[in-house]
Amino acid sequence: MVSKYSIQTPDDSATNEPSLSPRRLCLFDTKTNAPLREMTFLTSILAVRLNRKRLVVVLKEKTYIYDSNSLAILDTIDTVPNLKGLCAFSPSLDGCFLALPASTTKGSVLVYNVMELQSHCEIDAHLSPLAAIALSSNGTYIATASEQGTIIRVHLVSEATKSYSFRRGTYPSNIFSLSFAPSLQLPDILAATSSSGSVHIFSLGFDTNQRSKKSSSFLGSILPDSVNDALDPANHHVLHNAVSAGVRSYTVVRKVDKVADSSSSEFASCRAVISLITYNGYFQEYTLSINNQNESSWSLEREFNLLSFHDRNLAARHL
């Protein structure tokens, strides 16, 4: 959703000047670039989310909900210590949910209805604490990853039931980001980045009835979830070594196009545009193509160093 506000929150390195405190939130009008309001909190701001109706500010142990237009405070949520500022927000007004960690010892997530100002449900997604959370644009699905990083789970928000389990890999890895495709209907794909340096794409388009039948079979019924997860079809596509191992990265699925098969009602191929930004300053944009045989190919469309671009702009200003 488009908002008339832009947000500025300085980082912790700027604490020497009160005007650049990490406890200070500045709101700007995006049309005029004029400052509208400043808000100061008792502790550092760890995350901010915004749409046309709601402003969400996440602190270490509290999360504040504001009306985006009047900036009146609507609710305060007391949370478990959330040192990483983990949160997810679905901007659609029809399914406007906020997701926050609900435990520091296991992977439980609190889903809060931001429009109705009440808790919607709590989902026990993992045995280990959460490392990443994402909500689909329409608030239908929530994806979670734990600090173990081997399994990514997707739950249906309305019923708090598991819909998909994807195995990222066998060995533990830090999941840096999760991102659904921007579709307002069923999200087509889910993207993830990890400390291995790879970009992982999981397809949400497979037949859930087949998955349910497999999970409800005799073998599936007697196996624990950690093993039963591996029975689910992965539809997993990986771009290896996109980033140097250990470098934090964040991915966004910007667009997904489907090409229909002229001989049937099924889709013959899927084409996704995926953007990747790294903490060492690089921006990359890829095109991922998946055919009806579930074969995939990656194409790097553009890449540049944001830090060198910034340095060139600074040098040009001083000429």
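Checked against a 23 Å cut-off, the cross-linked pairs Lys162/Lys255; Lys31/Lys255; Lys60/Lys106 give Cα-Cα distances beyond that limit for Lys162/Lys255; Lys31/Lys255.
What ranking, highest mean first, results for peptides 190-201, 54-65 when packing means the other Cβ atoms within 10 Å averaged over each residue? Walk me through the numbers on the way to the answer.
Working: 190-201: 23.2, 54-65: 19.9.
My ranking of the peptides, most packed first, is 190-201, 54-65.
Protection proxy ranking for 101-111, 117-127, using the average of other Cβ atoms within 10 Å per residue and placing the highest first: 101-111, 117-127.
Within 10 Å, count the other beta carbons around each residue, average over each peptide in 239-245, 78-84, and list them highest first. Don't skip to the answer; put the middle values down first.
On the way: 239-245: 16.0, 78-84: 13.9.
So the peptides 239-245, 78-84, ranked by packing, come out 239-245, 78-84.
Relative contact order for the range 108-151: what percent, with Cα pairs under 8 Å and sequence separation of 6 or more?
Numbers: 61 pairs, mean separation 13.1, N = 44.
RCO, the range 108-151: 30 percent.
Using a probe radius of 1.4 angstrom, the carbon and sulfur fraction of the accessible surface of the range 55-165 is 47%.
The values are calculated or read from the model by the stated rules, or taken from the named source; none is laboratory data. Since the model is a prediction, treat every value here as computed from it, not as a measurement. A quick note on method: Cβ atoms are made from the backbone with ideal geometry, for glycine too, and the neighbour counts reach across all protein chains shown. Side chains included, ligands, DNA and RNA excluded: accessible areas come from the protein's heavy atoms. Shrake-Rupley method; radii C 1.70, N 1.55, O 1.52, S 1.80 Å.
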